[in-house]
Structures are given as C-alpha cells and as structure tokens.
C-alpha cells in the first residue's frame, strides 16, 4: 500500500470519526450541556466549600481563643484589690460556668472544625468543674465517640477520672484498660493510662494489682517516663528525717 493510499485512508478515518462525534454531540446536545453544567457546578461547589471551610475555621479558632482566655482568667484573692478593667472570678466554679457558655457556643456553631471539636471537649471539662457531672458525662461521651482519636482519648481519660471521683470505679477501670492498650495515642500514651489505673487500684486497697502494673511498666518502659515513675512506686525513697528545730 503506497503512502498516498495510507494518507487517504487515515484522513477518511479521521473525517468519519469526527463526523460521527459531531453527529452524536448534535443529537445529544442537551445531554452534553447538562453534563458540562453539572461538572462546572461540582467544581464551583468544591472551591466554595474550601473557601467557606477556611473562613469558618478561622472564625472558630478566634472564638475558641476567646473562650480559652475566659477559662484562664485569674481568680480574685480575698483582701487583694482588683485592678480597674481587669476581669476576675471569685471561684473556679464561677469561672468554669462562664467559660462553658463560650465553649458550648463554639462547639454548636463550628462543630465540624478542629476548634469546634476542642471546644466540645473543654465544655465537658468546665462542666465537671462547675459540678454538672451528668451534663459533663454526656458531653464527654460525644467527644469520646468522635473521629479524632487523640481528642477522643482525652475525653475518655477525663471521663475515667470523673467516674473515679464520683464512686464509679468499674466504669473508670474499663476506660483506663481501653486506653492502656498499646500503643496508645499522642495525647494519652499507654503508660499514662496504666499509671492512672494503678493509682485507682491503690485507692481501692488493691496494692497487689497496682504493683503488678508498676512491675510491668518498669520492665517494658525501663528508659521511659512511665517506667521511671513505676520504679519509684515500687521502690519509694526513704523519708528524710526532720531537721531538729533551731
């Protein structure tokens, strides 16, 4: 087959393909336009969603910062004058209640942002400080069941402490055991959860169970902080004798 014939066939094939393509587009013009419109709309939605999310994240971060500032407000001391224009609270419970309202507002409005998730966790903490244990339990359970494993671990740790403080040790033990499973998280390492569980056993008078945990930590984390604390618990330093009065 000579070059001219090949070129002619190639040209005819291209023309035929193009012709069929144009005919298909003409016959399906409405479908083509609709598909293009859908794709364009999807792109616009993705771009706008990113812009809106970034704007909401910035607003959430600012609101969370304001709530944290309230939570860190100093407490007034009896007999000490308060400087003009300085906000103080008379008790930790009063401060926690005021900060809680701000944290809840951030969590409710910006719950899908990282700052919103953090605000929900701190809402639970401030509810504990304000003595609202049932409300705190409900709030922290929401955080504990969330997608952020590090924040969920913090919430479970706070719940375990609250359960222990309110006489619900079996629930606290279950949470500590779950958190103690290796490797743990960035916020609650396995060793920290094991130490807290050992402390709980000590408070219950179960010294043998506590010592078993300490011995395991001493062996498994010999050069780590948890192992060092466990070693001190197993071999406490002798009490220093009191100096004679001068």
From 160, 93, 119, which residue is touching a residue at least 12 places away in the same chain (Cβ under 8 Å) and closer than 24 Å to residue 181 by Cβ?
-> 160
Filtering region 91-124 down to residues that are within 13 Å of the chain's Cα centre (by Cα) and either part of a helix (DSSP H, G or I) or modelled with pLDDT of 95 or more (or both) yields 107, 114, 115, 116, 117, 118, 119, 120, 121, 122, 123, 124
If you check 126, 133, which single one turns out to be surrounded by 22 or more Cβ atoms within 10 Å (Cβ to Cβ), in contact with a helix residue (DSSP H, G or I) (Cβ under 8 Å, 6 or more places away or on another chain) and touching a residue at least 24 places away in the same chain (Cβ under 8 Å)?
-> 126
Per the filter on region 159-204, residues surrounded by fewer than 22 Cβ atoms within 10 Å (Cβ to Cβ) and under 17 Å from residue 139 (Cβ atoms) are 161, 162, 163, 165, 166, 168, 171
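The values are calculated or read from the model by the stated rules, or taken from the named source; none is laboratory data. The structure presented is a predicted model; accordingly, all values stated were derived computationally and were not measured. Counting neighbours? That spans all protein chains shown, and the Cβs are built from the backbone with ideal geometry, glycine included.
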